[in-house]
1. Looking at segment A:67-85, which of its residues are surrounded by 18 or more Cβ atoms within 10 Å (Cβ to Cβ) and assigned to a loop (DSSP other than H, G, I, E, B)?
2. Of all the residues that make up segment A:1-17, how many are over 9 Å from A:T105 (Cβ atoms) and either without any contact (Cβ under 8 Å) to a residue 24 or more places away in the chain or of a type in the set (A, V, I, L, M) (or both)?
3. Considering each of B:F69, B:F60, B:F104 in turn, give the residue that is within 12 Å of chain A (Cβ to nearest Cβ), within 14 Å of the chain's Cα centre (by Cα) and among the aromatic types (F, W, Y).
4. Which residue pairs have Cβ atoms closer than 9 Å, lie 6 or more positions apart in sequence or on different chains, and pair a first residue in segment B:26-42 that is within 8 Å of chain A (Cβ to nearest Cβ) with a second residue that is among the basic types (K, R)?
5. Any idea which residue in segment B:86-101 is farthest from the other protein chains (Cβ to nearest Cβ), counting only those that are of a type outside the set (A, V, I, L, M, F, W, C) and surrounded by fewer than 21 Cβ atoms within 10 Å (Cβ to Cβ)?
6. Could you go through segment B:51-67 and let me know if any residue there is β-branched (V, I, T) and surrounded by 13 or more Cβ atoms within 10 Å (Cβ to Cβ).
7. Quick one: which of B:S33, B:S22 is within 9 Å of the chain's Cα centre (by Cα), under 27 Å from A:Y86 (Cα atoms) and buried (at least 21 other Cβ atoms within 10 Å of the Cβ)?
8. Within segment B:48-61, is even one residue of a type in the set (S, T, N, Q) and touching a residue at least 24 places away in the same chain (Cβ under 8 Å)?
Amino acid sequence: QQPVQSPQAVILREGEDAVINCSSSKALYSVHWYRQKHGEAPVFLMILLKGGEQKGHDKISASFNEKKQQSSLYLTASQLSYSGTYFCGTSSSGNTGKLIFGQGTTLQVKP
Amino acid sequence: KAGVTQTPRYLIKTRGQQVTLSCSPISGHRSVSWYQQTPGQGLQFLFEYFSETQRNKGNFPGRFSGRQFSNSRSEMNVSTLELGDSALYLCASRLGTSNTGELFFGEGSRLTVL
């Protein structure tokens with residue numbers, strides 16, 4: 001079952017913060033986050049494993065609440081380079097390479 | 001090291017034809033996955049191969065098939081093309097089979113069916 005991302009789109013000014021949510025109806029083992037710029041390949045941001053850990057990557061961090069089957073991606077002090085479409089990919093098992101991606105959240109950062 | 005390479009990058013076919021897309025993973029990566037990307041559906045999982053064996057398959061009709069060779073290169077084939085098959089087909093490779101490893105995506109093959 002495809003995870004649901006919200007919001008579908010968001011427009012920010014440089015320096016503003018944003019949160020992108022990813023919810024699943026199935027128990028999750030891992031959540032991946034990827035960013036895709038227009039005309040380019042998706043690029044890996046981070047992986048979260050069940051256990052509720054939080055990870056950070058520069059000014060981008062994420063959390064994983066396995067009880068709620070939700071993950072959130074936090075973008076703080078956004079930069080123009082953050083523009084793109086963000087996808088969460090979920091897996092219910094660690095023994096499979098299959099990832100089910102959400103429909104994506106388009107983020108536009110304006111000067 | 002070289003990234004994931006997909007060929008061809010662009011192709012145009014007509015309904016009823018078939019198409020074969022190729023993917024060369026990063027050297028040393030043995031797992032290859034394929035995804036279909038369309039504006040309305042996002043990234044849809046097609047299949048995953050590891051050591052020449054299909055490990056997972058998505059919910060696509062039998063017209064979609066794939067294979068992996070002993071050098072980990074993979075191909076996917078779509079027969080009897082339909083207009084709705086127009087999409088960007090992305091290949092991704094990873095080192096192992098576990099979902100604790102990141103996927104490295106190629107730039108995709110954009111298929112247009114007329």
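1. If the condition is that a residue be surrounded by 18 or more Cβ atoms within 10 Å (Cβ to Cβ) and assigned to a loop (DSSP other than H, G, I, E, B), then A:Q69, A:S78 are the ones that fit.
2. Within segment A:1-17, residues that are over 9 Å from A:T105 (Cβ atoms) and either without any contact (Cβ under 8 Å) to a residue 24 or more places away in the chain or of a type in the set (A, V, I, L, M) (or both) number 3.
3. It is B:F104.
4. Hits for this filter: B:S31/B:R55; B:S31/B:R94; B:S33/A:K98; B:S33/B:R94.
5. The selected residue is B:S86.
6. no
7. B:S33
8. Checked segment B:48-61: no residue is of a type in the set (S, T, N, Q) and touching a residue at least 24 places away in the same chain (Cβ under 8 Å).
Each value in this text was obtained by applying a stated rule to the coordinates, not by laboratory testing. Nothing here was measured: the structure is a model prediction, and the numbers come from that model. Every residue, glycine among them, receives a Cβ derived from its backbone with ideal geometry; neighbour counts consider all protein chains shown.
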